Amino acid sequence: MSKLDILIIPDRHLRQVCEPVTKVDGEARRLLDDMLETMYAAPGIGLAAPQVGVMRRMLVIDVSREGEPKQPHCFINPKLVWASEQLATYQEGCLSIPDYYEDVERPARVRVEYLDRDGAEQEIVAEGLLATCLQHEIDHLDGVLFIDYISRLKRERVMKKFIKRSKNVA
Ligand code: GNR
Ligand code: NI
């Protein structure tokens, strides 16, 4: 397994729409394993393929708490097929927008259809942090970031900071 580099805004990969995975083969599974290693090392509770520059509809999540058994989940071609009217607010962060956190309101419960790492069709009904994380990660596959849900003033402020930072290091 190998740890991958996580892309930071304003990297253009983070604003593109990913293509479906056509074959769940060894190469796809290797990428999922590398994404899990990268997510645990960060550390984070989720990671989407475009965050490591791979423009395919794949993501990994583990919302288990520290000290509890790990619960790695792989989602391939995930599709949000139902969302509750009831909303829930979580303070979100993103490994592609380091050290920035804001409250975001999203549907509290969602149903998602996807393929697992064996290519089998699965469906999950999620709530709580898992529901929020799934929506955050699926958004990444469509080039959407959590800062798109905060005020324009806050978003432009954080974008400006990271654009400046990218010019200083790159
Ligand atoms: O590690 C992460 N924490 C988090 C907290 C609240 C809502 C969403 C997330 S996902 C984030 C990792 C990440 O950037 N995934 O794309
Ligand atoms: Ni993110």
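Note that the range 1-114 carries a Kirkwood radius of 15.2 Å, evaluated over its alpha carbons pair by pair.
Out of 126, 28, 41, any idea which swings most in a Gaussian network model of the chain, alpha carbons joined below 10 Å? For the chain, modelled as a Gaussian network with Cα springs under 10 Å, the answer is 41.
Given a 1.4 Å probe and the protein chains as shown, residue 6 ends up with an accessible area of around 50 Å².
Excluding residue 50 itself, calculate the net charge of residues whose Cβ lies under 15 Å from the Cβ of residue 50, where each Lys or Arg counts +1 and each Asp or Glu counts -1.
Values: positive: 12, 15, 56, 57; negative: 5, 11, 19, 34, 137, 139, 142, 148.
Every neighbour counted, the sum reads -4.
Determine the distance separating the Cα centre of the range 1-78 from the Cα centre of the range 115-132; give it in Å without decimals. Comparing the Cα centres of the range 1-78 and the range 115-132, I get a distance of 14 Å.
The sum of -39500 (n - 2.57) across all DSSP H runs of n ≥ 4, divided by the residue count of the chain, sets its helix-only mean residue ellipticity at 222 nm to -9500 deg cm²/dmol.
Taking the range 1-32 and a reference point 7 angstrom along Cα→Cβ of residue 142, the backbone N atoms nearer than 12 Å belong to 17-18.
For the range 125-142, the residues whose backbone nitrogen is under 20 Å from a point 7 Å from the Cα of residue 71, taken along Cα to Cβ, are 125-138. Per residue, the accessible area of the chain comes to 57 Å² when a 1.4 Å probe rolls over the protein heavy atoms. At an R0 of 35 angstrom, the distance between the Cβ atoms of residue 63 and residue 168 translates into a FRET efficiency of 0.55. In the chain, the portion of solvent-accessible area held by carbon and sulfur atoms comes to 48 percent [1.4 Å probe, whole percent, DNA, RNA and ligands not counted].
Charged neighbours of residue 63, selected by a Cβ distance under 12 Å, balance to -3 (K, R count +1; D, E count -1). Between residue 159 and residue 105, the FRET efficiency estimated from the beta carbon spacing at R0 = 22 angstrom works out to 0.60.
The values are calculated or read from the model by the stated rules, or taken from the named source; none is laboratory data. Small disclaimer: the values here were computed from a predicted structure and weren't measured. Please note: Cβ atoms are built from the backbone with ideal geometry, for glycine as well, and neighbour counts cover all protein chains shown. Remember, those area values only see protein heavy atoms, side chains included, never the ligands or the DNA or RNA. Shrake-Rupley method; radii C 1.70, N 1.55, O 1.52, S 1.80 Å.
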